[in-house]
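Peer 1: First, the structure itself, so that you have it in front of you.
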Amino acid sequence: MLRIECPHCGARDEAEFSCGGEAHIARPKEPDKLSDAEWADYLYMRTNPKGILAERWCHTFGCRRWFNIERDTVSHEILRVYAMGEPRRESGT
Amino acid sequence: MVDPSLRQSPLATLHLGGREGQPAPEASVHLAERRSVGKINLRADPGDGVLMNAFESVLGYPLPLDPNRTSGDGKRGALRLGPDEWLVTVPGGQENALFGALGTAATAAGGKHVALSDVSDARTILTLAGPRARDVLQKGCGLDLHPRAFQTGHCAGTLLARAAILLHQTGDAPAYDIHVAWSFAAYLWVWLEDAGAEYGVAVGEVE
């Protein structure tokens, strides 16, 4: 089980959190101008790297706030916890 | 607002009445329900000093700003739920008056983005106390409850036996208030009795 450092509550067990998948995926501004392939790409295609991945997490059973983390998908090490809306690091995925 | 005469305990189906307050000399865990507690969910910007002072003058104590902390005493207090969210408790029956007073204070202070909700009947409070109370909780809760990490006046939203709870340590005995959703209360009570069976469980008088 992961131990995740919630920015508002401190370190808690993964069981208290929900994972919202990959972070920094912007919704297209004009969805009706996209082809089906482009829309499907936005909806379903994720990077799935072996290495550092930016993810959204929610502390569902604690403060119920969303935040971003950077996690190494090989070692499960959590490298960074940062607020929603903050940009990803250049060195990230 | 619910007519108080229509209120009944979520534990009514367990028929605990006959066991309440029975002497249990071997018991090292005391379990009870606090039925009559008014609860108000308050959301506001903690950076707005004027607003925070206005709430403090109504409540008589400051809202806690640090993570996992509470202020006030056992009867009237505030539990910090998140960076801009608190649960304010008052003796049952006083929640309407406090709700109005907080709303008036927020308006007078020019507070923006303030939300008040009466959530008195969303959750009930189970009280767990006694020398082995911590051991009972540790059977189903991943939180570090050792006194160096979790002390009187601390609170945390967490999981107990897979039920979402708000845990609040109210005394050094230790004693805990467990806020649990109405529909999970009977389940959690039965779980707590089972987890505490080896230490002896006494069913306390209902407040």
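The values are calculated or read from the model by the stated rules, or taken from the named source; none is laboratory data. Keep in mind that this is a model prediction, so the values were computed, not measured. Counting neighbours? That spans all protein chains shown, and the Cβs are built from the backbone with ideal geometry, glycine included. The area values use the complete protein model at the heavy-atom level, side chains included, leaving out ligands, DNA and RNA. Shrake-Rupley method; radii C 1.70, N 1.55, O 1.52, S 1.80 Å.
Peer 1: Tell me the residue from B:THR158, B:THR170, B:THR152 that is part of a strand (DSSP E or B), away from chain A (no Cβ under 14 Å) and either in contact with a strand residue (DSSP E or B) (Cβ under 9 Å, 6 or more places away or on another chain) or closer than 21 Å to B:ASP194 by Cβ (or both), please.
Peer 2: B:THR170
Peer 1: Then there's this: Taking B:GLY110, is it without any contact (Cβ under 8 Å) to a residue 12 or more places away in the chain and either in the same structural domain as B:ASP48 (by TED's automatic domain parsing) or closer than 20 Å to B:SER71 by Cα (or both)?
Peer 2: No; evaluated as a whole, the condition is false for this residue.
Peer 1: With the structure loaded, tell me whether B:ARG43 is outside the structural domain of B:TRP191 (by TED's automatic domain parsing), modelled with pLDDT of 95 or more and of a type outside the set (Val, Ile, Thr) or whether it fails that test.
Peer 2: The answer is yes for B:ARG43.
Peer 1: Would it be correct to say that B:ALA202 is open to solvent by 40 Å² or more (accessible area, probe 1.4 Å), at pLDDT below 95 and in contact with a Pro (Cβ under 9 Å, 6 or more places away or on another chain)?
Peer 2: It is false that B:ALA202 is open to solvent by 40 Å² or more (accessible area, probe 1.4 Å), at pLDDT below 95 and in contact with a Pro (Cβ under 9 Å, 6 or more places away or on another chain).
Peer 1: Looking at (1) farther than 22 Å from B:ALA156 by Cβ; (2) touching a strand residue (DSSP E or B) at 6+ places or on another chain (Cβ under 9 Å); (3) open to solvent by less than 40 Å² (accessible area, probe 1.4 Å), which one does B:LEU81 not meet, given that it meets all the others?
Peer 2: It is condition (1) that B:LEU81 fails.
Peer 1: With respect to B:LEU102, is the statement that it is under 30 Å from B:GLY47 (Cα atoms) and within 14 Å of chain A (Cβ to nearest Cβ) true?
Peer 2: So B:LEU102 does not fit the description; no.
Peer 1: Still on this model: Criterion first (surrounded by fewer than 16 Cβ atoms within 10 Å (Cβ to Cβ), within 14 Å of another protein chain (Cβ to nearest Cβ), of a type in the set (D, E, K, R) and in contact (Cβ under 8 Å) with a residue 40 or more places away in the chain) does A:GLU14 satisfy it?
Peer 2: It is false that A:GLU14 is surrounded by fewer than 16 Cβ atoms within 10 Å (Cβ to Cβ), within 14 Å of another protein chain (Cβ to nearest Cβ), of a type in the set (D, E, K, R) and in contact (Cβ under 8 Å) with a residue 40 or more places away in the chain.
Peer 1: Oh, and also: Please name all residue pairs, on different chains or six or more residues apart, with Cβ atoms under 8 Å, provided the first residue is in segment A:50-65 and is away from chain B (no Cβ under 14 Å) and the second residue is of a type in the set (Phe, Trp, Tyr) and open to solvent by less than 10 Å² (accessible area, probe 1.4 Å).
Peer 2: Going by the 8 Å Cβ cut-off, the qualifying pairs are A:ARG56/A:PHE67; A:TRP57/A:PHE67.
Peer 1: What is the number of the single condition among (1) assigned to a strand (DSSP E or B); (2) of a type in the set (S, T, N, Q); (3) more than 25 Å from B:ASP84 (Cα to Cα) that A:ASN68 does not meet?
Peer 2: For A:ASN68, the failing item is (3).
Peer 1: Mind telling me which of the residues B:LEU65, B:LEU116 ends up being within 14 Å of chain A (Cβ to nearest Cβ) and open to solvent by 20 Å² or more (accessible area, probe 1.4 Å)?
Peer 2: B:LEU65
Peer 1: For B:VAL90, work out the one condition from (1) under 13 Å from A:CYS63 (Cβ atoms); (2) in a strand (DSSP E or B); (3) of a type outside the set (Ser, Thr, Tyr) it doesn't fulfil.
Peer 2: (1)
Peer 1: How many residues, within segment B:1-31, are open to solvent by 50 Å² or more (accessible area, probe 1.4 Å) and assigned to a strand (DSSP E or B)?
Peer 2: Here the count works out to 1.
Peer 1: Do you know which of the residues in segment B:104-113 that are of a type in the set (A, V, I, L, M, F, W, C) and touching a Leu at 6+ places or on another chain (Cβ under 7 Å) is surrounded by the most Cβ atoms within 10 Å (Cβ to Cβ)?
Peer 2: Filtering first and then ranking leaves B:ALA106.
Peer 1: Could you count how many residues in segment B:85-103 are touching a residue at least 12 places away in the same chain (Cβ under 8 Å) and open to solvent by 50 Å² or more (accessible area, probe 1.4 Å)?
Peer 2: The total comes to 4.
Peer 1: List the number of the failed condition for B:GLY72; all other conditions in (1) surrounded by 13 or more Cβ atoms within 10 Å (Cβ to Cβ); (2) on the phi < 0 side of the Ramachandran plot; (3) touching a helix residue (DSSP H, G or I) at 6+ places or on another chain (Cβ under 9 Å); (4) outside the structural domain of B:SER183 (by TED's automatic domain parsing) hold.
Peer 2: (2)
Peer 1: Taking segment A:1-11 as the region of interest, how many residues are without any contact (Cβ under 8 Å) to a residue 60 or more places away in the chain and open to solvent by less than 30 Å² (accessible area, probe 1.4 Å)?
Peer 2: The number of residues fulfilling the criteria is 2.
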